[in-house]
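Written below as structure tokens is the structure these notes are about.
Each reported figure results from applying straightforward, stated rules to the coordinates on display, with no laboratory input. Predicted, not measured: the structure shown is a model, and the values here were computed from it. Ideal geometry is used to build each Cβ from the backbone, glycine not excepted, and the neighbour counts take in all protein chains shown.
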Amino acid sequence: MPANEPSSATPTTSASPRGAAARAQVLAAAAELFTRDGYAATTTRAVAERAGLRQGTLYHHFAAKEDILATLLEATVAPSLAYARRLLEPAEPVPGARLWALVRFDTELLLGGLSNVGALYQLPEVRGERFAEFRQVRCDLAGAYRTVLAPLDELPEDQLRLRAQLVLGLVEGAVAVARECAEQEAAVVPAAVADAAVRLASPQGCTEERLAAVREAALELAVLAGR
């Protein structure tokens, strides 16, 4: 090919199909190794080998191992926060409908993710500056949970905060529950967790009739929120 003739080869970047595929391979491999072998014990070389890529290709997409972990963690919370904000736009037809819809979405996100990345939330490394954005988004998501919980019971701020953390615990614990279930049983876990969250948040109890009304209203809200 003449020196002045442009190459027809397409560079492999994160924006190209090949680049996106390589990036996804790195994330999938890292999620598996971080959760199986531990974050500290996993090297970028091991991640690249597991992904079937050269180590240099990995560094084309991620500058450091911390960047891989940050990307994995942020992917477990950012979509739920965006969804929570969309849920707050329309009026809530039945108290608890927003909560049910958010819990189901959040649980489905975690169950559909790469390995059990939520298990990495408590790593000491996550307290570092590189993970400040993840911590902020997770904090904002907890705030969204407080917002959707508030109409269900009049609580002081500290008790509302605790209740939101309990609901988040239900959601994040669903991964372990689903992994112990058969495939058909695991499919109903998100709705079951959403039911449990509404019951937890209902001080006067929650009858099956009321829960059915909450579910129906939540599904309507989900359509409005683009889900």
> For a label point 7 angstrom out from the Cα of Q55 toward its Cβ, which stretches of the stretch 26-40 have the backbone nitrogen within less than 17 Å?
Replying inline: 26, 30, 40
>> Going 7 Å from the Cα of R227 along its beta-carbon direction, which residues of the stretch 67-87 have the amide nitrogen within less than 16 Å of the resulting point?
In response: 76-87
>> Tell me the net charge near A70. Cut-off is 15 Å between Cβ atoms, A70 excluded, with +1 for each Lys or Arg and -1 for each Asp or Glu.
In response: 0
> If you count, for each residue, the other Cβ atoms within 10 Å and average over each peptide, how do 179-190, 72-83, 148-159 line up from highest to lowest?
Replying inline: 72-83, 148-159, 179-190
>> At 0.36 nm per residue, and after removing the present C-alpha to C-alpha distance, how many nm does the segment from A213 to C139 gain when stretched out fully?
In response: 23.7 nm
> So how much slack lies between R199 and E220, counting 0.36 nm per residue of separation and subtracting their Cα-Cα distance, in nm?
Replying inline: 5.6 nm
>> What whole-number distance in Å separates the alpha-carbon centres of the stretch 94-132 and the stretch 43-85?
In response: 16 Å
